Amino acid sequence: MKKRKRLLLMMSMVSLVVLLSACGTGEVSANSTGIWERYIVYYFAEAIKWLSLGGSRGVGIILFTIIIRIILFPLMNFQTKSMRKTQELQPKLKELQQQYSSKDTATQQQLREAQQKLYAENGVNPYAGCLPLIVQMPILMAIWQAISRVPELREGSFLWLKVLGEPDPYFILPILAAIFTFASTYLSSMSQLEANPSMKIMNFVMPVMILVMGVNLPSALSLYWVISNAFQVGQTLIINNPFQIRREREEAARLVKERERALRKAQNPKKKRKK
């Protein structure tokens, strides 16, 4: 049931992307009409132009991306904490699945109720991980349309990129975007208590998707992905460092074993041998 809901959510986001992409292909300006074009795409473009220090649209995109990530930081932090809590609950969730292992409708309903109760008691929202993605999709589409539909951005240049509205001719940005995407997803998966097959697949599927899209889409969009995912890597290492989490778990497991060993010794004291 949970997988179906997540699949439905992903399909809804894809539909949103298609809908926003089909909003129009003409130039966006102050005279444009409609909420999406006039108040979102247009002002995104204006913000990027305002941030373009020295007239460099690439710098404007970089600064705009960093500002967006800072604004989204509380949401991403909430997602990280919620996902970590969800991971910590996995042993208890498995116990519930064993307790309500029957596949009949009544038992499965009891399982869902028990799971929801467990989530509520621990302050966990199992769908919180999807929220940042839902928020970021319109932002990504707005940046894409601002780049492709505003001449000042589409015709801008940055470093080796002569035209930001065209793909990177040397594939440097798509490759960097794929690398940072892999690093981001891999670091996130490292903090999981148990190996997740679907997560392992996503660790490789997402970078490949980003690479393919980066090769074919405007280089400005690849630049956005590079900065955004690099920011995500740094954020993960700061607020959800998997290496630190692993050390903490290993230390906690060691303390538990020591207490168990001490308890066994206390329950079965060895008699001193007589000389």
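Values for this structure:
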{"read-out": "Calculated FRET value between Lys81 and Glu250, using beta carbons and R₀ = 25 Å, to 0.05", "value": "0.75"}
{"read-out": "For peptides 96-106, 238-248, sequence by mean Cβ density within 10 Å, most packed first", "value": "238-248, 96-106"}
{"read-out": "Peptides 74-83, 249-258 ordered by average Cβ neighbours within 10 Å, highest first", "value": "74-83, 249-258"}
{"read-out": "Label-point gap, in nm, between Ser102 and Glu166 - each point 7 angstrom along Cα→Cβ", "value": "6.8"}
{"read-out": "Per-pair calculated FRET efficiency, R0 = 45 Å: Ile67 and Arg259 via Cβ, rounded to 0.05", "value": "0.40"}
{"read-out": "Packing-based ranking, highest mean first, of 114-122, 134-142, 219-227 given that Cβ atoms within 10 Å are counted", "value": "219-227, 134-142, 114-122"}
{"read-out": "Ratio Rg/Rh [Cα only; Rh per Kirkwood] for region 133-180", "value": "1.02"}
{"read-out": "Filter on Lys85/Lys257; Lys49/Lys200; Lys162/Lys200; Lys92/Lys257; Lys81/Lys265; Lys94/Lys200 - keep pairs with C-alpha separation over 30 Å", "value": "Lys49/Lys200; Lys162/Lys200; Lys81/Lys265"}
{"read-out": "At R0 = 41 Å, FRET efficiency that the Cβ-Cβ distance of Ile134 and Ala30 yields, to 0.05", "value": "0.90"}
{"read-out": "Part-to-part distance (alpha-carbon centres) for region 78-124 and region 214-257, which is given in Å", "value": "26"}
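FYI, it's all coordinate maths here, none of it is from the lab. What you see is a predicted model; the values in this text were computed from it and never measured. No Cβ is skipped: glycine too gets one built from the backbone with ideal geometry, and neighbour counts run over all protein chains shown.
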